[in-house]
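A.B. asks: Sharing a structure here in structure tokens format.
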Amino acid sequence: MSTLLAIGECMVELVPKRVSECQQSFAGDTYNALVYAKRFAEQLNCELFSAVGEDILSINMLKKWQQEGISSKQVIKTPDHNVGIYAISTDQHGERSFDYWRNQSAAKHMMELYAKQPFDFGLGKNDWVFFSGISLAILEDDSKQQLVDLLTKLKAQGCIIAFDPNYRARMWQSKAHAIEWLERAYQISDVVLPGLDDHYTLFGHTNANDIVDYCQQFAIDEVVIKAGSKGMQVFCQNTLSAQCAFNPAPQQVDSTAAGDSFAGTYLAARMTHHEPQIALHMADKVASQVVQHQGAILPFDVYQALKLNSAK
């Protein structure tokens with residue numbers, strides 16, 4: 001059984017319902033992707049490398065992971081920190097904004113904790129590792145380098161490294177700081193999933209060809225470009241291998257996890273030997289449904305109604 005290891009932070013998600021009432025769940029970009037990967041391909045072993053506290057929210061979070069089939073065996077527990085919290089607000093068009101309380105988040109210290117008690121992830125050929133710009137952004141620079149070093153080691157062991165830039169300006173010291181670390185991530189990645197909006201903001205790229213040309217310097221095998229209304233394209237070895245037109249959802253309620261669900265489904269489809277065109281189609285189908293519902297994770301019955309099949 002192949003393993004998909006995601007690296008990053010899972011947080012408490014609060015969605016205000018009334019002035020004094022919120023709906024609570026758990027989410028975070030790489031965790032969200034992992035949930036959708038597991039739902040698409042139940043046969044995959046899905047694990048999250050992170051750190052959590054020993055508080056009640058951390059305990060409940062791990063219970064929720066178990067319900068979703070996500071292994072916590074690579075999670076570090078610490079009594080010195082707890083889990084981060086964020087609240088979502090959405091406008092009339094379904095576009096979201098966030099408020100964060102994450103200064104005491106254990107995940108921000110996961111590489112420091114790992115350095116004190118390193119362990120073998122037990123990964124190798126046919127296993128994939130997924131991380132994001134947010135996985136890097138939550139860490140101090142020394143810890144960022146520790147994570148890059150760890151990923152370099154896992155790649156040398158035969159793992160496929162996948163990366164989603166998922167740029168959040170407020171999480172970086174400056175645009176130059178973000179570019180420095182995103183480029184280090186690109187250098188070690190086999191599969192990347194950049195968004196055209198992010199690349200326009202960071203590099204001034206205006207189309208898919210700009211991104212592909214830029215990525216050539218990193219010798220990336222597979223570039224999956226999400227270009228909003230311009231659709232999606234996959235380039236394998238710099239050659240267009242798949243494309244999908246923009247299919248707007250009938251209604252957009254909440255775009256919180258559109259990119260996460262897309263990434264998780266696409267990676268799981270590729271891990272289960274689907275061609276890029278099929279993987280792209282299924283990832284788009286999931287993301288189109290996700291934006292029509294509140295919160296990051298679709299209710300399980302809604303997901304099942306999509307009738308996706310990971311079998312070849």
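The values are calculated or read from the model by the stated rules, or taken from the named source; none is laboratory data. Since this is a predicted model, take the numbers as computed values, not measurements. With ideal geometry, Cβ positions are generated from the backbone for all residues, glycine too; neighbour counts draw on all protein chains shown. Ligands, DNA and RNA are excluded from the accessible area calculation, which covers all protein heavy atoms including side chains. Shrake-Rupley method; radii C 1.70, N 1.55, O 1.52, S 1.80 Å.
A.B. asks: Leaving out ligands, DNA and RNA, what percent of the accessible area of region 167-269 is carbon and sulfur, probe 1.4 Å?
C.D. replies: Here carbon and sulfur together make up 46 percent of the probe-accessible area.
A.B. asks: Just reorder Glu21, Glu9 by solvent-accessible area, largest first, 1.4 Å probe, all chains present.
C.D. replies: The most accessible residue leads, giving Glu21, Glu9.
A.B. asks: Give me the net charge for the shell around Gln145: Cβ to Cβ below 13 angstrom, other residues only, Lys and Arg +1, Asp and Glu -1.
C.D. replies: In short, -3.
A.B. asks: How much accessible area does Leu154 have with a 1.4 Å probe, in Å² rounded to the nearest 10?
C.D. replies: Approximately 10 Å² of Leu154 is accessible to the 1.4 Å probe.
A.B. asks: Same structure again: For Trp128, Trp181, Trp101, give the ranking by accessible area with the largest first, probe 1.4 Å.
C.D. replies: These residues rank, largest area first, as Trp101, Trp128, Trp181.
A.B. asks: Report the Cα centroid-to-centroid distance between region 272-296 and region 102-142 in angstrom, as an integer.
C.D. replies: Here the answer is 26 Å between Cα centres.
A.B. asks: Using protein chains only and a probe of 1.4 angstrom, how many square angstrom of His293 are accessible, to the nearest 10?
C.D. replies: Number for this one is 50 Å².
A.B. asks: Find how many whole Å separate the alpha carbon centroid of region 203-223 from the alpha carbon centroid of region 35-49.
C.D. replies: After rounding, the separation between the Cα centres reads 28 Å.
A.B. asks: Give me the accessible area per residue for the chain, probe 1.4 Å, as a whole number in Å².
C.D. replies: For the chain, the solvent-accessible area averages 44 Å² per residue.
A.B. asks: OK, next. Starting from the amide H of Cys22, placed 1.01 Å from N in the peptide plane, find each other amide H under 5 Å away whose residue is 5 or more places distant or on another chain.
C.D. replies: Lys17
A.B. asks: Continuing with the same structure: Starting from the Cα-Cα distance between Ile179 and Phe119, subtract it from 0.36 nm times their residue separation and give me the gain in nm to one decimal.
C.D. replies: Additional length available on full extension: 18.6 nm.
A.B. asks: In terms of Cα to Cα distance under 26 Å, which lysines are near enough to Lys38, apart from those fewer than 8 places away along the same chain?
C.D. replies: Lys63, Lys64, Lys73, Lys77, Lys108, Lys125, Lys153, Lys155, Lys226, Lys285, Lys307, Lys312
A.B. asks: Largest first, what is the accessible-area ranking of Cys22, Cys46, Cys244 with a 1.4 Å probe?
C.D. replies: Cys22, Cys244, Cys46
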